[in-house]
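To start, the structure under review is shown below, and the notes come after it.
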Amino acid sequence: MAFTERFVALGDSFTEGVGDDDPSLPNGVRGWADRVAEQLMLADTSWGYANLAVRGKLLNQVLAEQLDAALALQPTLVTLYAGGNDILRPAVDIDELMAGYDEGVARLSASGARVLLFTGFDSSKSAVFGRTRGRTAIYNEWVREIADRHGALLLDYWRLREFQDWRYWAEDRLHMSSAGHTLMAKRGLEVLQAEDVISLPELPALAALSRREAFAADARWVRRHVVPW
């Protein structure tokens with residue numbers, strides 16, 4: 001069957017689906033992009049799908065390794081989210097970084113595909129990742145400007161306040177959980193103005209922790225996830 005609609009997803013762990021574990025899949029994760037593709041294909045069997053995202057990739061690596069491969073598939077829809085790993089590095093020039101991003105989005109848009117971009121998450125509630133909030137804000141302004149310049153769609157992750165609820169996050173507090181990926185898929189389909197039959201999972205009750213218990217939980221998180229990272 002020749003697909004007349006082709007969705008290609010580009011990026012890093014966010015788009016690969018890390019945090020949404022599924023042992024039945026080759027890479028062990030599912031993710032929001034797979035969930036979006038499922039909904040598109042349920043509504044219209046002419047859709048094909050490829051997820052080229054690879055965890056750990058920097059923005060320039062995503063563009064160098066995934067862009068040409070995506071364009072070769074002649075997509076009608078492309079999603080791109082990259083740069084989060086750059087923002088977390090000790091030093092980064094956001095302005096220089098986004099010049100390459102702009103060129104990449106220009107190429108995707110010139111192909112005739114619809115392009116969906118994402119701003120970065122507002123990490124203000126994280127004692128560790130909140131330190132990069134200013135960088136993310138600058139990154140986001142570039143994303144919004146570039147989306148306007150090239151006529152791309154925008155999912156403004158920064159403004160999705162539901163994700164301030166840590167029950168949408170995996171144990172590492174860096175990647176979304178299955179519930180988070182499900183919610184992200186639904187928000188993405190809304191931006192695409194596509195129908196969906198996604199049911200959002202019921203979140204577990206919030207545990208009422210004392211200050212001592214909360215401190216102990218934070219200490220365990222630091223030992224298990226922050227120090228190795």
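List the number of the failed condition for Ala9; all other conditions in (1) out of contact with any helix residue (DSSP H, G or I) (no Cβ under 8 Å at 6 or more places or on another chain); (2) at pLDDT 95 or above hold.
It is condition (1) that Ala9 fails.
Sort out which residues of segment 1-14 are exposed (fewer than 15 other Cβ atoms within 10 Å of the Cβ) and among the small types (Gly, Ala, Ser), and write them in order of number.
Within segment 1-14, the subset exposed (fewer than 15 other Cβ atoms within 10 Å of the Cβ) is 1-2, 4.
Ala2, the sole residue that qualifies.
Tell me, which residue of segment 90-113 that is out of contact with any His (no Cβ under 9 Å at 6 or more places or on another chain) and closer than 16 Å to Thr76 by Cβ is least open to solvent (accessible area, probe 1.4 Å)?
Among those residues, the one meeting the criterion is Ala113.
Name the single residue, out of those in segment 153-210 being among the polar types (S, T, N, Q) and open to solvent by 30 Å² or more (accessible area, probe 1.4 Å), that is modelled with the lowest pLDDT.
If we filter segment 153-210 for residues that are among the polar types (S, T, N, Q), which is where we start, we get 164, 177-178, 182, 193, 199, 210.
Narrowing further to those that are open to solvent by 30 Å² or more (accessible area, probe 1.4 Å): 178, 193, 199, 210.
Working: Ser178: 96, Gln193: 98, Ser199: 93, Ser210: 59.
Among them, the one singled out is Ser210.
Tell me which of these Gly120 doesn't satisfy, since it passes every other one: (1) touching a Gly at 6+ places or on another chain (Cβ under 8 Å); (2) open to solvent by 60 Å² or more (accessible area, probe 1.4 Å).
(2)
Does Asn60 fit the bill of being among the polar types (S, T, N, Q) and open to solvent by 50 Å² or more (accessible area, probe 1.4 Å)?
Details: among the polar types (S, T, N, Q): yes; open to solvent by 50 Å² or more (accessible area, probe 1.4 Å): yes.
So Asn60 fits the description; yes.
Return a yes/no flag: does segment 29-50 have any residue that is in a strand (DSSP E or B) and open to solvent by 50 Å² or more (accessible area, probe 1.4 Å).
yes
Would you mind stating whether Leu97 is in contact with an Asp or Glu (Cβ under 7 Å, 6 or more places away or on another chain) and closer than 19 Å to Ser13 by Cα?
Details: in contact with an Asp or Glu (Cβ under 7 Å, 6 or more places away or on another chain): yes; closer than 19 Å to Ser13 by Cα: yes.
Considered against the rule, which asks whether it is in contact with an Asp or Glu (Cβ under 7 Å, 6 or more places away or on another chain) and closer than 19 Å to Ser13 by Cα, Leu97 comes out as yes.
Can you work out which of the residues in segment 15-28 that are closer than 15 Å to Ser177 by Cα and in a loop (DSSP other than H, G, I, E, B) is most open to solvent (accessible area, probe 1.4 Å)?
Here the residue is Pro23.
The values are calculated or read from the model by the stated rules, or taken from the named source; none is laboratory data. Values in this document were obtained by computation on a predicted structure and should not be read as measured data. All Cβ positions, glycine included, derive from the backbone under ideal geometry; neighbour counts span all protein chains shown. With ligands, DNA and RNA removed, areas are computed over all heavy atoms of the protein, side chains included. Shrake-Rupley method; radii C 1.70, N 1.55, O 1.52, S 1.80 Å.
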